[in-house]
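Only the coordinates and a few stated rules stand behind these numbers; no lab work does. Bear in mind the structure is a predicted one, so any value in this text is a computation, not a measurement. Here Cβ is always computed from backbone atoms with ideal geometry, including for glycine, and neighbour counts include all displayed protein chains.
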C-alpha cells in the first residue's frame, strides 16, 4: 500500500484521517524532510520539531478559510509538504524552486510571508481585525517560537492582543531554542511554567477529557502519548505573564503527542478572546544528530563539500579575541546569534564581557551605546539583514550621540538559498545616509583583521565593518599595515578604465580586468576600503583621463556607486550592483551570475560601456 503522505493531495484530507493514520503520517513527513534536506541543505532541526503541531493544525483548522500565520518561517517544511507542494519539495531553496520560507506568491496557504522573527502576532491581529470589520468568522492562529517571543515586536503584538480582546489563538512553540539556546527573563519564566506544580495538578482531568474526543480511544491515546507525565493544563492564574497581558494561557502541552494537541486545540478553538497555547517540542525531533546538536543542525548545507580556507566570520572572531586580550574594555554583544556571528569563543573566554540579549537587535544597539558611554568598547556582531531591524536605534541612539560602537556586519551581500529576507544588500545604503557614521568594507580576511584592530584601538564614533559570508575570495593582495579612515588602495594599474570595487567585489574586479586586458581594455582596480568617509580626493586624482566604473555587492539605489557619481558630476560613471528589485533565492554563484556581477558579467558590462564611449567621442 502506498504511504499516506503521497496520498495527500490537499490539506483538507488530513482531518479525514484517523489518529493512527496521522501518527503514521507524522513519521513519513519527518522521514521525507530528513531525506531531502540532508541532500539539498536547509533548516532541518526547526522543521522536524513541528511535524505533529503542523498535522494538528491541519486537523483542527481549515487552511482554505482559517488563517495560520507562521513566525520566522524556517520551520514550515512540514506545512509545505502537506499543503500541495509535496512533489516540488525536493526543489526547496534551489534556484527556481520552493522558497525556504512562507511566501504568499507561492501558495494560497502561505497567508503571510516571513523570514525575520517575531512578526506573527502582529500580522495575525491584522487578519483578525479585518475579519471583525468584514463580519467574517474564520479563525486566526499565530505560531511563534519562544525565542521570537523575546523581541519587542512580539511583545507589542501581545500587548495589543490583550487590548483588542478579539478572537485569536497564539501557539507558543517552546523548544528552548531559537537558533542558539535562548536566554533572558522570559525563557526563565517559561521554564518555571514547566516545573511549577500548580500547572500539573489538573493533568488527570484533562487526560480524561481527551478521551471524550471522537477517534481518541484508549489504545490510540496510549500509543500516541509519548510522555504521559508531561500533559499539563493551567488554570487562570497570575503566575503566567501572559495572563497579565490579558491573554488566556493554556499549557504546557506535549508538542509531539497528537492526541493531546488535537484534543486541546479543538477545545481552545471554541474559546472567545485571545488565547495562548504553550506547546513543548524538541528541536530536531526524530533525527538523532539534530536532537543532540540542534544548533549545528538548525541550518545545514546538505551534500556540499566544504573547501578549506580563510573564513570571514572566524577571522572576525580571532581579531576580536586578540583585541579583547589587550584591552579589558572590549565587550561583545549578539542578538541570539553567538554561533553564527563567531562569538562563541569570546563568550567562553570572557563570559563577563559577553552579552546575548536575545532576538532584540534594537535593544542590542541601544544597550551598546550605554556601554560605550559607560567606558566600554562594545562590538555588536549582527547579520546585515538583521541590522535593518535596528535602523532607528543606529540613527538616534548611536549616530546622533556619536556613540563609539563598532558594528560587525556579517553576511553582507548575496547570501544564497535563504532568499530576499536574508540577503544583506541594504546596509551600504542605510549607513551612507546616516550623518556621523563610518563604514568600511574589507576585501579579504587580512584587511578585516587590521580594520578591527585599528578601530578598537581608537574607536571615536559609530563605525560599521561589512563583510560577506564564508570564505574570502580566491585572490589575495597585500595591504598596508595602517588603514586610516578615508584612504584606499590601488590594486592594479591601468590607464583606460578606473574600476572602483567594494569589498568582496575586488577579486571579481581583478578577474574582470584580466579578461578585459585580453580584449585591449586597460583597467585600474581601486579598493576604497572606506566607503564613509570615502577616499574622494584620491579617487578624483586617479580618475583623471580615465572612465569610471563602480562595482558593489549591494543595492544600487543609494549605494556607494551612486555616491561616487554624485561627487564626480563631470564624469559619466557606470554603476554596477544590485538593481532596485528583490533578489530571489538560489545558490550564491547562480544569483551573482544572474545579476551580472561575476567576472564575465562585469567584463561584458565594461566592454559595452567602452564601446558607447568610443562611439560618442
Counting helices only, and only those DSSP H runs with n ≥ 4, report the 222 nm mean residue ellipticity of the chain as the sum of -39,500 (n - 2.57) divided by its residues, in deg cm²/dmol to the nearest 500.
-> -10500 deg cm²/dmol
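Quick one: of the DSSP bridges fully inside segment 312-466, what percent are antiparallel, nearest 5?
Once the DSSP bridges in segment 312-466 are tallied, antiparallel ones form about 5 percent.
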Angle between the Cα long axis of helix 361-373 and the longest principal axis of the chain, 0 to 90 degrees, nearest 10?
-> 60
In nanometres, the difference between 0.36 nm per residue of separation and the alpha-carbon distance of residue 272 and residue 106 is 56.6 nm
Project the alpha carbons of segment 368-445 onto their principal axes and report the range along each, largest first, in whole Å.
-> 40, 26, 19
Treating the angle as unsigned and between 0 and 90°, give the value, to the nearest 10°, between the Cα long axis of helix 312-326 and the longest Cα principal axis of the chain.
-> 80
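How high is the relative contact order of the chain, in percent, with contacts defined as C-alpha pairs under 8 Å that are six or more residues apart?
Values: 1278 pairs, mean separation 70.1, N = 617.
After rounding, I find 11 percent.
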Shape category assigned to segment 307-360 from the gyration tensor of Cα positions, a/c cut at 1.5 = oblate
Report the label-to-label distance for residue 566 and residue 401 in nanometres (one decimal), using points 7 Å from each Cα along the Cα→Cβ vector.
-> 2.7
In degrees rounded to 10, the 0-90 angle between helix 505-517 Cα long axis and the longest Cα principal axis of the chain is 50
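Report, for segment 489-616, the % of DSSP beta bridges that are antiparallel, rounded to 5. Spell out each step's value before the answer.
Values: 3 of 16 bridges.
The antiparallel fraction comes to roughly 20 percent.
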At q = 0.18 Å⁻¹, the log10 of I(q)/I(0) for segment 1-94 from a Debye sum over equal Cα scatterers comes to -0.77
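Taking 8 Å as the Cα distance limit and 6 or more residues as the minimum spacing, I'd like the relative contact order of segment 312-466 as a percentage. Mind showing how you got there, number by number?
On the way: 298 pairs, mean separation 37.9, N = 155.
Rounded, it is 24 percent for segment 312-466.
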Simple SL model, points at 7 angstrom along Cα→Cβ for residue 322 and residue 482; separation in nm is 1.8
Distance between Cα centroids, segment 406-424 to segment 430-454: provide it in whole Å.
-> 16
At q = 0.26 Å⁻¹, what log₁₀ I(q)/I(0) does a Debye calculation on the Cα points of segment 455-550 give, no solvent, two decimals?
-> -1.47
Counting only C-alpha contacts under 8 Å and six or more residues apart, can you give the relative contact order of segment 468-617 as a whole percent?
-> 23
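Quick check of the Kirkwood formula: for the chain, what is the inverse mean of 1/r over all pairs of different Cα atoms, in Å?
On the way: mean 1/r = 0.0383 Å⁻¹.
It works out to 26.1 Å.
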Listed with the fewest Cβ neighbours within 10 Å leading, 477, 431 appear as 477, 431
For the residues 614, 492, what sequence is obtained by ranking on other C-beta atoms within 10 Å, fewest first?
-> 614, 492
Fraction of beta bridges assigned by DSSP in the chain that are antiparallel (%, nearest 5) | 15
Given the peptides 532-544, 399-411, arrange them by the average over their residues of other C-beta atoms within 10 Å, most packed first.
-> 399-411, 532-544
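For segment 516-617, what number results from the quotient of the Cα radius of gyration and 2.2 N^0.38 Å? Provide the component values of the computation, followed by the final result.
Values: Rg = 14.3 Å, N = 102, 2.2 N^0.38 = 12.8 Å.
Output field value: 1.12.
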What's the center-to-center distance, using Cα atoms, between segment 357-387 and segment 1-55 in Å?
-> 40
Order of 530, 70, 571 - criterion: other Cβ atoms within 10 Å of each residue's Cβ, fewest first | 571, 530, 70
